[in-house]
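Please read the structure below before turning to the comments.
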Amino acid sequence: MTNRDDVLAQASEVRRLHALVKSLWPGIGHHSDAHDDAARQCDAALEAFHERWDAVVARVREGDSDALDAAVVYLEARPRCYRSGYVAEAMMRAVSRARLSDVQAQRLREVVLAETVGGWTRGHTYVGALAGAVWNADLEADLSRLAAVPGGERAATTASAAERWIASGLR
């Protein structure tokens, strides 16, 4: 079973190794053995991160309920490392088409609100699809409240993207 701490630890290790590689970068010229070793470790950690989570996305698309649970945990954890946002976008897209339990839908509503406030991913298409998949009156009211305050444009855009997703008939 995937837990939040596991997700965050894996992302933290990728960030740590990435920072180490950058700190050992000698500039233009020859690389040091330490830099090359750190770069290999970083590449391996990054590959493991993406292999794991890309596989979860694929399994969610296939209807695997365990993978869906892992995807919800990943989205709740919001890990930050190189290219983790791309993984989140693919995950949101896959999860938005999955059969969700009421508990999963509620947890994902919180993800939508956190994304709307925190701005983790690059665009609104994916969070809008996720919002559309878990849409209810409470989420609509929360996004309306957020949209009404200064700087609430992201909430309005999320709600608009959710409406487009719902209208598309994918729900």
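Considering only region 123-141, I want to know if a residue exists there that is exposed (fewer than 14 other Cβ atoms within 10 Å of the Cβ) and at pLDDT below 90.
Yes.
With V111, V87 as the choices, which residue is closer than 22 Å to E153 by Cα and either hydrophobic (A, V, I, L, M, F, W, C) or within 13 Å of the chain's Cα centre (by Cα) (or both)?
V111
As an exercise: evaluate R93 against (1) at pLDDT below 95; (2) closer than 21 Å to V14 by Cα and give the number of the one condition it does not meet.
Only one criterion in (1) at pLDDT below 95; (2) closer than 21 Å to V14 by Cα is unmet by R93, namely (2).
Which condition number does V149 fail, the rest of (1) buried (at least 18 other Cβ atoms within 10 Å of the Cβ); (2) in a loop (DSSP other than H, G, I, E, B); (3) of a type in the set (A, V, I, L, M) being met?
(1)
Considering (1) in a loop (DSSP other than H, G, I, E, B); (2) at pLDDT 90 or above, say which one I28 fails and leave the rest.
Going through (1) in a loop (DSSP other than H, G, I, E, B); (2) at pLDDT 90 or above one by one, I28 breaks only (2).
Does V112 qualify as being surrounded by fewer than 14 Cβ atoms within 10 Å (Cβ to Cβ) and aliphatic (A, V, I, L, M)?
So V112 does not fit the description; no.
Pick from region 7-25 the residues that are farther than 17 Å from E47 by Cβ and loosely packed, with under 14 Cβ neighbours inside 10 Å: which of them is modelled with the highest pLDDT?
Once the filter is applied, the top-ranked residue is A19.
Return only the number of the condition from (1) closer than 22 Å to D54 by Cα; (2) at pLDDT 95 or above; (3) basic (K, R) that R109 does not satisfy.
(1)
Which pairs have Cβ atoms under 7 Å, sit 6 or more apart or on different chains, and link a residue in region 96-112 that is outside any helix (DSSP H, G or I) to one that is aliphatic (A, V, I, L, M) and surrounded by fewer than 17 Cβ atoms within 10 Å (Cβ to Cβ)?
Filtered contacts from region 96-112: R97/L170.
Return the only residue of V95, V149 being in contact with a helix residue (DSSP H, G or I) (Cβ under 8 Å, 6 or more places away or on another chain) and of a type in the set (A, V, I, L, M, F, W, C).
When all the criteria are applied, what remains is V95.
Hey, among A155, A129, A141, A161, which residue is in contact with a His (Cβ under 9 Å, 6 or more places away or on another chain), hydrophobic (A, V, I, L, M, F, W, C), outside the structural domain of R52 (by TED's automatic domain parsing) and more than 27 Å from S12 (Cα to Cα)?
Of A155, A129, A141, A161, the one residue that is in contact with a His (Cβ under 9 Å, 6 or more places away or on another chain), hydrophobic (A, V, I, L, M, F, W, C), outside the structural domain of R52 (by TED's automatic domain parsing) and more than 27 Å from S12 (Cα to Cα) is A161.
The values are calculated or read from the model by the stated rules, or taken from the named source; none is laboratory data. Owing to the predicted nature of the structure, the values given are computational and were not obtained by experimental measurement. Backbone-built Cβ (ideal geometry, glycine too); neighbour counts: all protein chains shown.
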